[in-house]
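Visitor: Have a look at this one before I ask anything.
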Amino acid sequence: MSDNKREQRKNEHVEIAMAQQDATVSDFDGIRFVHHSIPNIDVDDVDLTSHLKDFTLNQPLYINAMTGGSEWTKQINEKLAVIARETGMAMAVGSTHAALRNSKMASSFTVVRDTNPNGIIFSNVGADVPVDKAIESVRLLDAQALQVHVNAPQELVMPEGNRTFSTWMDNLAQIVKRVDVPVIVKEVGFGMSKETIKNLNEIGISYVDVSGRGGTNFVDIENERRTYKDMDYLGQWGQTTVESLLESTAYQQDMNILASGGVRTPLDAVKCLALGASAVGMSRPFLNQVEHNGITETLNYTEQFIEHMKKIMTMLDARTIKDLKQTQMVLSPKLQSWIEQRNLDIH
Ligand SMILES: Cc1cc2nc3c(=O)[nH]c(=O)nc-3n(C[C@H](O)[C@H](O)[C@H](O)COP(=O)(O)O)c2cc1C
């Protein structure tokens, strides 16, 4: 595939994603916190710092992987990097394959480090990338961590997508051995099962981003790019973010579980943390904000989002993210059924 075609594909992904609507019913609504009338803490007591195994996040919210690899998406990356710098959020770039193949594309990613020299930045590659390229991807951005995306449904619906996956697990095992920063294995909106998380844990992966169904939908995006748009029936494939977090419960002691996929409100984000996530990523909301409303509005949106998380934590008497894990929740019959049928040990 030519570099021009790759550039065009990235722009198409961004365009189609921006036009996408969220599902009207969200699995986050299937979780309710129990309200207690008299909090024992003040909003100022809430500390949102998230301590991960290898680094600390000032905010438990991060900008998840999206862009780079074209002129347009270089500009988006620059704007997102300003938001990350000003708010102290970590930020992931989109897949760096374009830069690894053609150094002329590098600046559409390195603009993120140039804009935010002291920030926490995650680089991003696919699970089929050769180990030396994974190392190069980290160096390109002087990244604190490497996201490796696993996106089989997307590839299979993508007309020009990958059709071979049997080498992924071995390749991931090599990458985690050789890359000298934490490796985050990341879905792209289809969620994870406890079996996937277990297998990743066994090869030495300590971080997963479950990125579940409910927000940006790459089956629908790739289906839009198909001549006959004939794979729309797969639109509901995968686990939601809530189901994925429930699936991850047994591994939350040993691993850092990151949550993304359809997180749209501060309440969704706090629910992810209460379900055991160490941090929460959003993609499309930040993309739409910077492209439609500009940097000042997006900064305001982000600051309000974080402030609202603190208010919700105050109502829950949770000073820290650790406290949130003790919060009482009531789950819908649908989620309860998932837990029972999947034999998940949830306390
Ligand atoms: C325009 C766009 C491009 C994306 N590109 C990547 C990518 O290159 N690598 C990756 O790991 N995920 C990519 N994603 C997936 C997101 O990181 C995230 O997993 C997914 O969008 C779900 O989050 P959301 O519902 O908040 O958008 C992309 C998402 C969007 C919207």
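The values are calculated or read from the model by the stated rules, or taken from the named source; none is laboratory data. In this text the structure is predicted, and so the values were computed from the model without any measurement. Note: ideal-geometry Cβ built from the backbone for every residue, glycine included; neighbour counts use all protein chains shown. For accessibility, only protein heavy atoms count, side chains too; no ligands or nucleic acids. Shrake-Rupley method; radii C 1.70, N 1.55, O 1.52, S 1.80 Å.
Visitor: Within the stretch 274-285, can one find any residue that is within 14 Å of the ligand (Cβ to nearest atom) and surrounded by fewer than 23 Cβ atoms within 10 Å (Cβ to Cβ)?
Guide: Yes; the residues of the stretch 274-285 include at least one that is within 14 Å of the ligand (Cβ to nearest atom) and surrounded by fewer than 23 Cβ atoms within 10 Å (Cβ to Cβ).
Visitor: Please state which one of SER108, SER95, SER123 is within 14 Å of the ligand (Cβ to nearest atom), open to solvent by less than 10 Å² (accessible area, probe 1.4 Å), outside any helix (DSSP H, G or I) and not hydrophobic (A, V, I, L, M, F, W, C).
Guide: Details: SER108 fails: outside any helix (DSSP H, G or I); SER95 fails: open to solvent by less than 10 Å² (accessible area, probe 1.4 Å).
Going through SER108, SER95, SER123 in turn, the sole match is SER123.
Visitor: Which of the numbered conditions does ASN256 fail, given that it passes all the others? Conditions: (1) farther than 24 Å from PRO182 by Cβ; (2) in contact (Cβ under 8 Å) with a residue 60 or more places away in the chain.
Guide: (1)
Visitor: Have a look at ILE197, ILE175, ILE221, ILE205 and point out the one that is open to solvent by less than 10 Å² (accessible area, probe 1.4 Å), touching a residue at least 12 places away in the same chain (Cβ under 8 Å) and not in a helix (DSSP H, G or I). Outline the logic, then answer.
Guide: Numbers: ILE197 fails: not in a helix (DSSP H, G or I); ILE175 fails: not in a helix (DSSP H, G or I); ILE221 fails: not in a helix (DSSP H, G or I).
Result: ILE205 is the single residue among ILE197, ILE175, ILE221, ILE205 that is open to solvent by less than 10 Å² (accessible area, probe 1.4 Å), touching a residue at least 12 places away in the same chain (Cβ under 8 Å) and not in a helix (DSSP H, G or I).
Visitor: I would also like to ask the following. Tell me, please, whether a residue that is within 13 Å of the ligand (Cβ to nearest atom), in contact with a helix residue (DSSP H, G or I) (Cβ under 9 Å, 6 or more places away or on another chain) and either closer than 25 Å to LYS5 by Cβ or open to solvent by 60 Å² or more (accessible area, probe 1.4 Å) (or both) can be found in the stretch 238-258.
Guide: no
Visitor: So, one more: Collect the residues in the stretch 70-87 that are without any contact (Cβ under 8 Å) to a residue 60 or more places away in the chain and either hydroxyl-bearing (Ser, Thr, Tyr) or open to solvent by less than 30 Å² (accessible area, probe 1.4 Å) (or both), keeping them in residue-number order.
Guide: Of everything in the stretch 70-87, those that are without any contact (Cβ under 8 Å) to a residue 60 or more places away in the chain and either hydroxyl-bearing (Ser, Thr, Tyr) or open to solvent by less than 30 Å² (accessible area, probe 1.4 Å) (or both) turn out to be ASN77, ALA81, ALA84.
Visitor: Here's another thing I want to ask about it. Quick one: how many residues across the stretch 10-25 are assigned to a helix (DSSP H, G or I) and either aromatic (Phe, Trp, Tyr) or touching a residue at least 60 places away in the same chain (Cβ under 8 Å) (or both)?
Guide: Quick first cut of the stretch 10-25, residues assigned to a helix (DSSP H, G or I) only: 10-19.
From what is left, the residues that are either aromatic (Phe, Trp, Tyr) or touching a residue at least 60 places away in the same chain (Cβ under 8 Å) (or both) are 10-14, 16-18.
Total satisfying the criteria: 8.
Let's see how each residue does on (1) touching a helix residue (DSSP H, G or I) at 6+ places or on another chain (Cβ under 9 Å); (2) within 14 Å of the ligand (Cβ to nearest atom); (3) not in a helix (DSSP H, G or I):
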position: ASN77; (1), (2), (3): yes, yes, no
position: ARG85; (1), (2), (3): yes, no, no
position: MET91; (1), (2), (3): yes, yes, yes
position: ALA134; (1), (2), (3): yes, yes, no
position: ARG139; (1), (2), (3): no, no, no
